[in-house]
1. Which value in nm describes the separation of the simple spin-label points at LEU72 and GLU125, placed 7 Å from the Cα toward the beta carbon?
2. Enter the accessible area per residue of the chain (Å², integer; probe 1.4 Å; all protein chains in place).
3. Where in segment 65-86 does the label zone of ASP53 land, with the point 7 angstrom along Cα→C-beta and an amide N cut-off under 17 Å?
4. Apply the Karplus curve 6.51 cos²θ - 1.76 cosθ + 1.60, θ = phi - 60°, to the phi angles in segment 208-219 and return the couplings in whole Hz, x for Gly and Pro.
5. Quote the convex hull volume per residue of the chain, based on C-alpha atoms, as a whole number of Å³.
6. GluC sites (Glu not before Pro), restricted to segment 107-158: which are DSSP loop and have at most 12 other Cβ atoms within 10 Å?
7. Based on a Kirkwood Rh over C-alpha pairs, give the Stokes-Einstein translational diffusion coefficient of segment 4-91 at 20 °C and viscosity 1.002 mPa s in µm²/s.
8. Set the Förster radius R0 to 30 Å, insert the Cβ-Cβ distance between ARG209 and ASP160 as r into 1/(1 + (r/R0)^6), and round the FRET efficiency to 0.05.
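The values are calculated or read from the model by the stated rules, or taken from the named source; none is laboratory data. Keep in mind that this is a model prediction, so the values were computed, not measured. A quick note on method: Cβ atoms are made from the backbone with ideal geometry, for glycine too, and the neighbour counts reach across all protein chains shown. The accessibility values were calculated without ligands, DNA or RNA, using every heavy atom of the protein model including side chains. Shrake-Rupley method; radii C 1.70, N 1.55, O 1.52, S 1.80 Å.
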Amino acid sequence: LLFTSAADGSPSIYGFDGIGTPSRRTFSPADESTGPTGCWNAARGLIVYAATDTSGAGQIRTIPGNGTKVTLLYSPGLPLAFPSWNPPGDSLVFSMKPHGSPGYRLFVSPAEGDSLVPVEVPLPEGDCVRPSYSPEGDLILFQYRESAESRWSVWVTAPDGTGAGPAASGGNCVHPSWSPYRDWFVFSTDRWGNYELAAGRVGSDTVIRITNDPAADLFPAWNPDSRWIAFSSDRLEGFDIFSIDGIEISP
């Protein structure tokens, strides 16, 4: 799995095979962070991530999964975050705050060619963050709020902005991540008091509670072969990475 940690100074990306010691993959002084499910693409063998400087301007960069050669894809001089691949690895979705915009908007862009030319996904005004493509590539899951005073909810949209609407709401619903099952996703919600993990399904009001602990359970990611969910929690001292085995949901 991949995760972001400031254990060695500035926030950097680390890889972990579940057996050895986590290895640092990025080394710049920028704030380097991964997005949700789609930061790794097996078809390309590349990790895509955001690097933010002290002014708040972000860049989209890639590194090979087995090396540290950095490639700069996009540097608009604007705040951006959460780049994520589509399944074939030829397109990206990410959040960016354009000039004059009060919130982050979603953009899609080809991932190849001489330069990235992002196109904004037409969505309601508000903050749109943490986007990721579905395993089939036909939907984008993201975290949305209408204003800074509004609660967060999980939304889904087609890449062209059609069919946009809530997929999970009630309390704050944050950190959505696709499952390997068609239409299912995992997210964190405080609807039961503190933040717990839950599973939802696009087009349904079904919500399945996954964790029940006094700590905050956040940033879930579903393993592609469906066997377990990794997440961050402060159950011990500070935030650590935990996993839950044996999560099975009918497609």
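1. According to this spin-label approximation, the distance is 3.4 nm.
2. Computed with neighbouring chains in place, this is 46 Å² per residue.
3. Zone members listed by number: 71-81.
4. 10, 6, 10, 10, 8, 8, x, 6, 8, 9, 9, 6
5. In the chain, the Cα convex hull volume per residue is 132 Å³.
6. Those that pass, being in a loop and sparsely packed, are GLU112, GLU125, GLU136, GLU149.
7. 162
8. Result of the calculation: an efficiency of 0.35.
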